[in-house]
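Notes follow the structure.
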Amino acid sequence: MTQKTIYWHLPGFCYFRQLNLATITLMKEYPNCFRPGYKIGSVYGTFPGAIWNGGRVVMGLAGKRDIETTLKLYNSKGVPVRFTWTNSVLEEKHIYDTYCNLIMRLADNGMNQVLVNAPVLEEYIRREYPNYKLISSTTKRINETGGVLAELEKDYFLVVLDYDLNHDEKTLEAIGSEAGRVELLVNEVCSPGCPLRAEHYAQQSRAQLEFDVGELFHCPNSNQQKGFSECMKRPAFISNEEIGSYVDKGFVNFKIAGRGMPQNYVYEAYLYFLVKEDQRDFIRRRTDELMQKYRQTAGAR
């Protein structure tokens with residue numbers, strides 16, 4: 001029987017760049033240390049300060065050369081960069097933003113991808129940048145079976161399932177033969193069934209659009225521990241022991257959450273999901289060594 005390829009989508013292509021590059025490199029150098037059939041399907045996130053960004057606010061600015069360098073680092077390794085263009089409060093005037101369009105032009109090589117939410121931006125990207133693979137974002141908060149099936153009828157490369165449906169057998173069975181086009185978020189830290197999740201995404205979108213770092217959102221989840229060990233206890237968590245049952249149903253795309261989280265949280269998630277248990281200490285050492293090398297190289301410039 002042919003081994004299925006399982007695609008993993010990693011967070012923070014800018015913020016976690018060194019960790020991501022170390023992981024991608026080590027998967028190629030030491031394939032026997034990682035779980036069989038696993039491949040990095042994309043790295044997602046945003047360049048800082050892009051107003052199309054949603055989900056998490058990311059302030060700052062990247063220059064043209066920095067953008068080109070980052071894109072080349074991933075694309076040269078065969079890994080697509082996926083932009084989180086999921087700002088849910090965009091208007092038509094925002095789609096002509098110079099910075100976001102610059103990013104899109106620089107990455108327009110047929111390899112890279114875009115997560116979408118707002119119809120006005122989706123229509124613009126389909127028209128002006130048809131080479132991109134478009135992915136329906138979990139930020140749409142589609143949390144019932146009919147809505148998921150309707151989304152799968154549209155022209156999306158992938159549809160990211162709302163994490164509240166991760167263990168909903170009715171929905172998983174209804175997806176059926178389309179399972180290969182569905183992406184599962186395996187380690188979401190947010191509270192299950194949070195009634196404020198869509199409102200929180202809208203608040204983050206406004207803050208990104210208006211560069212308002214001071215705008216706070218009173219989230220009921222804010223006082224809960226968000227370490228990886230705590231995340232594993234959440235109802236939406238998909239464990240390594242459960243991954244096989246999803247693969248048997250046809251699901252092959254799994255997304256590791258981590259934007260806005262400490263790097264150590266993301267690091268532990270990579271070790272847990274991607275690395276064979278008896279090889280984690282070795283891969284941790286090699287990852288630390290590579291990241292130290294990357295820091296020294298960057299400091300010498």
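The values are calculated or read from the model by the stated rules, or taken from the named source; none is laboratory data. Just so it is clear, the model here is predicted, and its values are computed rather than measured. Ideal geometry is used to build each Cβ from the backbone, glycine not excepted, and the neighbour counts take in all protein chains shown. What goes into the accessible areas is simple: the full protein's heavy atoms, side chains included, and nothing from ligands, DNA or RNA. Shrake-Rupley method; radii C 1.70, N 1.55, O 1.52, S 1.80 Å.
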For Phe34, distant residues with modelled amide H under 5 Å away: Lys276
Looking at the chain, do any whole DSSP H helices span at least 30 angstrom along their long axis by alpha carbon and average 1.0 or above on Kyte-Doolittle, and which? none
Placed amide H near Gly49: partners under 5 Å, 5+ positions off or other chain: Val58, Met59, Gly60
Of all accessible surface on the chain at a 1.4 Å probe, what whole percent is carbon and sulfur? 50 percent
Distance between Cα centroids, the stretch 195-211 to the stretch 62-107: provide it in whole Å. 20 Å
Across Arg280, Arg65, Arg82, the residue with the highest GNM fluctuation in the chain (Cα network, 10 Å cutoff) is Arg65
In debye to the nearest 20, the charge dipole size for the stretch 110-209, taken about the Cα centre with +1 at each Lys and Arg Cβ and -1 at each Asp and Glu Cβ, equals 380 debye
Of the listed pairs Lys154/Lys276; Lys133/Lys249; Lys249/Lys276, which have alpha-carbon separations greater than 28 Å here? Lys154/Lys276
With +1 on the Cβ of every Lys and Arg and -1 on the Cβ of every Asp and Glu, the dipole magnitude of the stretch 1-144 about its Cα centre, in debye rounded to the nearest 20, is 500 debye
Using amide H atoms built 1.01 Å from N in the peptide plane, name the residues 5+ places from Trp85, or on other chains, whose amide H lies under 5 Å from its own. Leu115
